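The values are calculated or read from the model by the stated rules, or taken from the named source; none is laboratory data. Please read these numbers as outputs of a predicted model, since none were measured by experiment. Because the Cβ atoms are built from the backbone with ideal geometry, glycine has one as well, and the counts that use them run over all protein chains shown. Protein only, heavy atoms only, side chains kept; ligands, DNA and RNA dropped before computing areas. Shrake-Rupley method; radii C 1.70, N 1.55, O 1.52, S 1.80 Å.
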Amino acid sequence: MSNFSLLNLGWQTFFQQQLSLQECTDAEPMRLMHQHRDRWHLSGEAGERIVTAVPDWHVCVGDWMLLQESRPLRLLERQSVFQRRRAGNESVAQLIAVNVDTVLIVMALNHDFNLNRLERYLALINEACAEAVVVLTRADECSEIDGYVDAVQAIDSLLPVLALNALNEADVRQQLQPWCRPGRTLAVMGSSGVGKSTLSNALLGSDLQLTGGIRADDSKGRHTTTGRSLLCLDNGALLMDMPGMRELQLTQCQQGLEQTFADVGEWVAQCRFSDCQHQQEPGCAIRAALDDGRLDERRWRNYLKLQREEARNSATLAERRQAERRFAHHARTVVAQKKLLRG
Ligand SMILES: Nc1nc2c(ncn2[C@@H]2O[C@H](COP(=O)(O)OP(=O)(O)OP(=O)(O)O)[C@@H](O)[C@H]2O)c(=O)[nH]1
Ligand SMILES: [Mg+2]
Ligand SMILES: [Zn+2]
């Protein structure tokens, strides 16, 4: 695509409103389409630009920034942020994607299908106030599609669920068309090998994204996609292909969890005791819902697990921030004292 319009790059009123009058005339909004080490691939109204002298901003593909005389001026506030706890031990939040309107949660109709993981993704997406669509791939190899679709809908009856063969381009385009409106940014998330890149290629109408083979023994794919990039579709939407994520630990996601498990929250509110542990207490609405099957045991366990995980990660993050603030304060004091001494 050579002729970019800001709208087709996903520019929205939310971003426009952040510009001062001066910036409206002097600065150029550009979107980060791809990041390769210290190189930013940006797109704006005037076309593409590669910036090599990058400031040390913490950016992510999907970000909008202002440029002045070809130099990055400032980062614009994000409309949606997807983050996880960085894999490994570090208690740091890592950006996964930003400024995404719709997330396609891709799961394959084989052992990859997992409701716990789906709930995890939903918490993340709800936290970011984005829209979720569940895309079940390998429908061509599955004989009991309806059962899987019903299982997803039992979690949230309003959640759109599609079952398709990602290799069938016409079917993919037709089923996803309602979400591929001009200027809308879609991201594809899911485990490795489930067909995210295959789906992206079908939407792109070309084999731009590398796709990998799948090991027949355990139907787990290898990681084929390693970086992420934002691609323009011919219908005016934008698509972010992402690598499969082995670990997606929740952090700073309390509100997203509450929204994803709104039913559980309502039952908890109905327990007789406000500090109910939902064990043997009389008048426990959770136990009652579990007993008569209104609440699935799996869902309840997953809720508890995600709550604990979120609380643990968010706490460590907050502690770390506090330590950093203390250190910064200490450093400033030392500098000030040195100045005073020199003076
Ligand atoms: N039969 C069938 N094969 C599929 C389908 N979707 C994907 N595949 C195949 O599954 C393999 C893995 O697909 P990819 O698109 O590379 O998977 P991915 O999710 O991008 O994987 P990573 O990049 O590693 O995260 C490829 O060989 C695809 O051809 C489908 O719906 N049906
Ligand atoms: Mg891929
Ligand atoms: Zn209770």
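Observations, loosely collected:
- Number of the condition not met by Q337 [criteria: (1) open to solvent by 40 Å² or more (accessible area, probe 1.4 Å); (2) in contact with a strand residue (DSSP E or B) (Cβ under 8 Å, 6 or more places away or on another chain)]: (2)
- Complete set of residues in region 229-255 that are closer than 19 Å to R308 by Cα and of a type in the set (D, E): E247
- Region 227-246 - residue that is within 13 Å of the chain's Cα centre (by Cα) and assigned to a loop (DSSP other than H, G, I, E, B) and, of those, farthest from W300 (Cα to Cα): R228
- Residue that is farthest from N235 (Cα to Cα) [pool: residues in region 172-198 that are touching a helix residue (DSSP H, G or I) at 6+ places or on another chain (Cβ under 8 Å) and either open to solvent by 30 Å² or more (accessible area, probe 1.4 Å) or of a type in the set (S, T, N, Q) (or both)]: S191
- D146 open to solvent by 30 Å² or more (accessible area, probe 1.4 Å), modelled with pLDDT of 90 or more and within 16 Å of ligand 1 (Cβ to nearest atom): no
- Criterion (basic (K, R) and surrounded by fewer than 17 Cβ atoms within 10 Å (Cβ to Cβ)) met by exactly one of R272, R299: R272
- When region 58-73 is filtered for residues that are loosely packed, with under 13 Cβ neighbours inside 10 Å and within 23 Å of the chain's Cα centre (by Cα), only H58 remains.
- Single residue of L109, L104, L122 found to be closer than 22 Å to E297 by Cα, open to solvent by less than 20 Å² (accessible area, probe 1.4 Å) and touching a strand residue (DSSP E or B) at 6+ places or on another chain (Cβ under 7 Å): L122
- Among residues of region 125-143 being among the acidic types (D, E) and without any contact (Cβ under 8 Å) to a residue 40 or more places away in the chain, the one that is surrounded by the most Cβ atoms within 10 Å (Cβ to Cβ) is D140.
- Within region 172-192, residues that are farther than 18 Å from G62 by Cβ reach partners that are modelled with pLDDT under 95 and open to solvent by 40 Å² or more (accessible area, probe 1.4 Å) with beta carbons closer than 6 Å, at six or more positions or on different chains, in the pairs S192/H223.
- Region 288-343: number of residues that are charged (D, E, K, R) and in contact with a Leu (Cβ under 9 Å, 6 or more places away or on another chain): 6
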